[in-house]
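The values are calculated or read from the model by the stated rules, or taken from the named source; none is laboratory data. Just so we're clear, the structure is a prediction, and the values are computed from it rather than from any experiment. Quick reminder, even Gly has a Cβ in these numbers, built from the backbone with ideal geometry, and neighbours come from all protein chains shown.
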Amino acid sequence: MNGFNLKKIKIILNWQIYHYLILIKICMPSYLVTGAEGQLGKCFKKVANEFPIHKLIFASKNKVDITRPKTLKIFFDDHPLDGIINCAAYTQVDQAEESPEKAYQINVDGIKNLIAFAEEKTLSIVNFSTDYIFDGTSKSNYSEDHTPNPLNIYGKTKYKAEILLKNAKCINTTFRVSWMFSPFGSNFVKTALNNINKKRNLCVVDDQKGRLTYGIDLARVVLSNIDQNHFFDYDCYNYALMGETTWFDLAKKIKLIKKSNCEIIPCSSKQYFTRALRPKNSILDTSRIETHLSLKILDWTSALDDCLNRIEGKI
C-alpha cells in the first residue's frame, strides 16, 4: 500500500471520528445550571469535567435571572435543554428575616417561573432545599416523610418551593441538604478556618445538631445519577454526609487539623443571638437515597479534609 493511500485512509478515519464525536455531542443530555456564581453552582462547575457525558450550560444571574420570565423565555427559546439544575437561591438566613420579600421572590417566585417553562418545554428540574424546613423538635432523625414546620423565613420559602414542585406537571426532584460547606462562597467552614488561621478565639454554638453537606460531593451525586431512569422516582431526597456533629465540634475539628492554639468557646443558641431561629436538631435521615441510588456516602471528616486542602491549594 503506497503512502498516498495511507494518507487517504487517515483522512477518511479522522473525518469519521470527527462526525462520531459531533453525533455524541448532539446526543448529550443538556442541562442548565442556574446560579452558577453561587456556592453550589461553583461546585457543579468544579466537577463538570468529571462528567463529559453531560452538556452543562452554566448561567449566572446576569445571564439567567429566574425571577424575570421574559429573560427566561429568551434563554429557553434559544437553548434546547433536557433539564434544569437550579442552584439559584436566596440563602442569607438572617437577612431574610429583614427582607422576606427578596427571599420569596427568588426562592418561591423563581421556582414558579422555572416550573412554567419546564412544563411548557418538557424539562426536568432538580432543586435544593434545606433542613431548616423543620423545627428541630423531633426525637428521631428527619426523614423525607416528616411534617415540615419551619422556624424562619428562609425555611418557609424553601418549603413553599417544595410544595410547588410536588404539584408541578414536570419531572422533578428536590435534594434536602443541611449545613453546606465548600471551598467557595460564604460558609461556616471558611469563616472558622479564617479565624483559626488568624489565631482568633471563637465562641461557637454547641446545642445545635446536624449533618454536614459538602457541595463538591453533592454536585457529584447529582451528576452521576441524573440520567438514571429511577433518579426521579421520588420527589424528594435527604442528602448529607455520614456522621452527626455540632457547630462547636466542627470548629474544634478544624482547630485540631490546623494545630492552632486559639480557644474555641462553647455557647448556647440563646447566648449567640441571631435574627433567625435555627432548629436544635436537624439531623437528616438519608436512608432513602442510600438505598434507592445505591450510594455510599462520605464521612464528614473526610470531606472536611478534602475541602480544607482545596481552600489551601493542595488539590
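Kindly provide the set of residues from the range 137-159 that are β-branched (V, I, T), out of contact with any helix residue (DSSP H, G or I) (no Cβ under 8 Å at 6 or more places or on another chain) and touching a residue at least 40 places away in the same chain (Cβ under 8 Å), ordered by number. Once the filter is applied, which keeps residues that are β-branched (V, I, T), out of contact with any helix residue (DSSP H, G or I) (no Cβ under 8 Å at 6 or more places or on another chain) and touching a residue at least 40 places away in the same chain (Cβ under 8 Å), the range 137-159 yields only T137. You will find that of D207, D217, D227, D233, the residue that is acidic (D, E) and closer than 24 Å to G136 by Cα is D207 and no other. Checking each residue of the range 116-129 against the condition of being free of Cβ contacts under 8 Å to residues at least 60 places away in the same chain and touching a Pro at 6+ places or on another chain (Cβ under 6 Å) gives no match.
In the range 269-297, the residues that are touching a residue at least 40 places away in the same chain (Cβ under 8 Å) form no Cβ pair under 9 Å with any partner that is aromatic (F, W, Y) and surrounded by fewer than 12 Cβ atoms within 10 Å (Cβ to Cβ), whether six or more places apart or across chains. Checking each residue in the range 160-190 for being more than 18 Å from S287 (Cα to Cα), surrounded by fewer than 21 Cβ atoms within 10 Å (Cβ to Cβ), in contact with a helix residue (DSSP H, G or I) (Cβ under 6 Å, 6 or more places away or on another chain) and not basic (K, R) picks out L164, A168, C170, I171, G185. May I ask you to verify whether L202 is more than 16 Å from the chain's Cα centre (by Cα), among the aliphatic types (A, V, I, L, M) and at pLDDT 95 or above? No; evaluated as a whole, the condition is false for this residue.
Among the criteria (1) surrounded by 16 or more Cβ atoms within 10 Å (Cβ to Cβ); (2) at pLDDT 95 or above, the one S260 does not fulfil is (2). Where helices (runs of 4 or more DSSP H) fall wholly inside the range 56-143, the ranges with 1 or more residues that are polar (S, T, N, Q) and surrounded by fewer than 24 Cβ atoms within 10 Å (Cβ to Cβ) are 69-78, 93-98, 110-121.
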